[in-house]
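One structure is given here, and the rest of the page talks about it.
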Amino acid sequence: MLDPLTALLTVVVLGVAAILLFWPSFGLFGWVVRAGRLNRRVRLEDALKHLYDCEYRQHPGTLYSLSGAMAVSVDRAAEIIGELEQRSLVKLEAGAYHLTPEGRAYALRMIRTHRLWEKYLSDWTSFDPAEWHKEAEVREHRTRRRRTLSRRAWATRALTRTATPSQQLAARFRHCAGARLGSLP
């Protein structure tokens, strides 16, 4: 006959081991899944988005801020920044990293893609609202530029279908904001 204390301890040990292996945020299985998702391109795109956010908030983009935002070591952040510098997407000025025009355009494309995915997920899927951001974060890196452009067209059509006439007019001429009248077609 099996001793009840031994059986209880066995169940507790197996339960703790299962939690350590399969818990999504800190388990070994979750770590492997996250590591697989963080391939090179994803890390570069996330770094660009972080540096864009730093510029937008007028904070200096440093190795330490990048390291903290991406949850990687400072050495790994330095490797990522080095690759971005090689591609001429960022430059070092006055001790802070700044996006070049090409880097800013790339970051904006990723941010827009993310927002389009969130809009799509909110309007057309049964995802829980708390999951929209996470799912958009995953999908934005898998989306090609051509598909992003079609999503943008979809979002514009969705806006004009549901908007009032004055909102439709504002959406139609949004690209003209801040332009001089003489420069418009």
Worksheet item: When the residues of the range 114-139 are filtered to those that are at pLDDT 80 or above and in contact with an Asp or Glu (Cβ under 8 Å, 6 or more places away or on another chain), which remaining residue is nearest to D46 (Cα to Cα)?
Response: H114
Worksheet, complete the sentence: For the range 62-77, pairs from a residue that is farther than 20 Å from R41 by Cβ to a residue that is part of a helix (DSSP H, G or I) and among the polar types (S, T, N, Q), with Cβ under 8 Å and 6 or more apart or across chains, are V74/S67
Worksheet item: Can you name the number of the only condition in (1) assigned by TED's automatic domain parsing to the domain that holds H141; (2) more than 19 Å from T143 (Cβ to Cβ) that W23 fails?
Response: (1)
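The values are calculated or read from the model by the stated rules, or taken from the named source; none is laboratory data. Computed from a predicted model, the values in this text were never measured in an experiment. Cβ sites come from the backbone with ideal geometry, for glycine too, and all protein chains shown count toward neighbours.
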